[in-house]
1. Rounded to the nearest 10 degrees, what's the angle between the helix 53-78 long axis and the longest principal axis of the chain, both from Cα atoms, 0 to 90?
2. Express in nm, to one decimal, how much length is gained between GLU61 and SER40 on full extension, taking 0.36 nm for each residue of separation and deducting their alpha carbon distance.
3. Which value at 222 nm does the chain reach when only helices count, each DSSP H run of 4 or more adding -39,500 (n - 2.57), with the total divided by all residues and rounded to the nearest 500 deg cm²/dmol?
4. What's the magnitude of the charge dipole for the chain around its Cα centre, counting Lys and Arg as +1 and Asp and Glu as -1 at the beta-carbon? Answer in Debye, nearest 20.
5. In cubic angstrom, how much convex hull volume per residue do the alpha carbon atoms of the chain span?
6. Rounded to the nearest 0.05, what FRET efficiency do SER91 and ASP48 give with R0 = 22 Å and r taken as the Cβ-Cβ distance? Could you check?
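The numbers here are math on the coordinates, done by the rules we state, and not lab data. This is a predicted model, so every value here is computed, not measured. Cβ placement follows ideal geometry from the backbone for every residue including glycine, while neighbour counts extend to all protein chains displayed.
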Amino acid sequence: MLEGIFRIEVITEGQFVDCGYLIKTVVIRVNPDAMNEYISSGVLNTRDVYETTEEWNAYKEEKVKRRQEWEWKVEEKLGIVEGEVDSLVVSHSLSEIFTVVYMSKENRN
């Protein structure tokens, strides 16, 4: 199976300091391949599709793993280095538009 090319485009960025934390916000647009990965990483089935609770839980765990991998790709494309941020959230805003908010201690040594 051919894997698509995961791409993002930064639409706008901003940052501010609050209570000793630098908070950065980035609005991005993802290409169709990245959007397809995002959609396929969501829980699309319901419990009644599976015969056992174990199967249902395994399905949900796989989707959580795939969503985390998708978010790691976004972080990588934005140049966010693991360990340099204290908190990061990627949220779906509209269509192929996402908002990434992350914060780090302002005077990190």
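1. 30
2. Working it through step by step, the gained length comes to 6.2 nm.
3. Counting only the DSSP helices, I get -11000 deg cm²/dmol.
4. The dipole magnitude comes to about 260 debye.
5. Convex hull of Cα atoms, per residue: 142 Å³.
6. Working from the Cβ atoms, E equals 0.15.
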